[in-house]
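A short write-up of the structure that comes next.
The values are calculated or read from the model by the stated rules, or taken from the named source; none is laboratory data. What you are looking at is a predicted structure, and each value in this text was computed from that prediction instead of being measured. Ideal geometry is used to build each Cβ from the backbone, glycine not excepted, and the neighbour counts take in all protein chains shown.
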Amino acid sequence: MLRDKLKAYKIILASGSPRRQQFFKDLDLDFEIRLKDIEEIYPDNLQGVEITNYLAQLKANAFNGEIAANELLVTSDTIVWLNNKALGKPKDYDDAFAILKSLSNETHEVITSVCFKSIKKTETIFDITKVTFNQLSDEAIHYYLENYKPFDKAGAYGIQEWIGLVGITRIDGSYTNVVGLPTEKVYHYLSQYDANM
């Protein structure tokens with residue numbers, strides 16, 4: 001359905017995330033993957049969704065001057081937000097352990113921003129989901145880190161993995177947003193998309 005609507009456009013997904021790539025396939029979209037190595041640094045004064053908006057736009061702006069007339073570039077960024085602090089991807093095993101320990105028995109927000117860029121306009125949407133973990137034992141955290149190695153994931157966990165099955169007691173909002181892309185909002189945006197408006 002969406003494929004027909006967007007047939008005039010070439011969709012470029014600028015994300016190395018296998019989860020985001022799979023979501024685009026699951027949405028029945030024709031797309032090409034185009035990657036750039038971006039240093040994900042943002043100003044210290046940014047809070048919550050300001051961070052993900054900034055980083056998604058930073059990733060999109062790296063393609064300035066490289067987008068063809070019929071192309072629509074999609075970039076995205078996700079953070080875990082806990083106690084007014086952004087938790088990104090862990091630096092190493094110990095950092096991942098500390099992150100999961102901080103999420104234990106707490107409710108955090110998962111914030112994802114998605115930036116859509118053509119040669120005529122740039123627009124950014126976002127979604128916020130609240131996720132509550134039960135008490136995670138040190139043993140459970142070690143088991144998860146050793147067996148699933150979630151070092152490429154914001155907040156050091158994947159909700160679709162073992163830790164999500166045993167540790168998450170409540171989700172308020174979009175499940176796919178926590179995986180890495182608010183698919184319902186992306187679908188809605190693309191279904192209304194007109195490069196000239």
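Any residue at all in region 37-46 that is charged (D, E, K, R), exposed (fewer than 13 other Cβ atoms within 10 Å of the Cβ) and in contact with a strand residue (DSSP E or B) (Cβ under 6 Å, 6 or more places away or on another chain)?
no
What is the one condition in (1) at pLDDT 95 or above; (2) part of a helix (DSSP H, G or I); (3) under 16 Å from the mean Cα position of the chain (by Cα) that ARG19 does not satisfy?
(1)
Name the residue, out of ASP37, ASP30, that is under 19 Å from LYS153 (Cβ atoms) and more than 13 Å from the chain's Cα centre (by Cα). Outline the logic, then answer.
Numbers: ASP30 fails: under 19 Å from LYS153 (Cβ atoms).
One residue alone meets the criteria, ASP37.
Quick test of your reading of the structure: GLY158 fulfils all but one of (1) farther than 22 Å from TYR9 by Cβ; (2) over 17 Å from the mean Cα position of the chain (by Cα); (3) touching a residue at least 60 places away in the same chain (Cβ under 8 Å); (4) surrounded by 16 or more Cβ atoms within 10 Å (Cβ to Cβ). Name the failing condition by number.
(2)
Look at region 89-104 and say how many of its residues are within 18 Å of GLN135 (Cα to Cα) and without any contact (Cβ under 8 Å) to a residue 24 or more places away in the chain.
Filtering region 89-104 down to residues within 18 Å of GLN135 (Cα to Cα) leaves 96-104.
Okay, now just the ones that are also without any contact (Cβ under 8 Å) to a residue 24 or more places away in the chain, so 98, 102.
Qualifying residue count, region 89-104: 2.
Pull up region 128-179, narrow it to residues that are part of a loop (DSSP other than H, G, I, E, B) and either in contact with a Pro (Cβ under 6 Å, 6 or more places away or on another chain) or of a type in the set (Asp, Glu) (or both), then point me to the one that is nearest to PRO90 (Cα to Cα).
The selected residue is PHE151.
All but one of (1) within 24 Å of ILE163 (Cβ to Cβ); (2) of a type in the set (A, V, I, L, M, F, W, C); (3) modelled with pLDDT of 95 or more hold for LEU87; which doesn't?
Of the numbered conditions (1) within 24 Å of ILE163 (Cβ to Cβ); (2) of a type in the set (A, V, I, L, M, F, W, C); (3) modelled with pLDDT of 95 or more, the odd one out for LEU87 is (3).
Confirm whether ALA86 is in contact (Cβ under 8 Å) with a residue 60 or more places away in the chain and either of a type in the set (Gly, Ala, Ser) or within 14 Å of ILE111 (Cβ to Cβ) (or both).
no
Is at least one residue of region 29-36 β-branched (Val, Ile, Thr) and modelled with pLDDT of 95 or more?
yes
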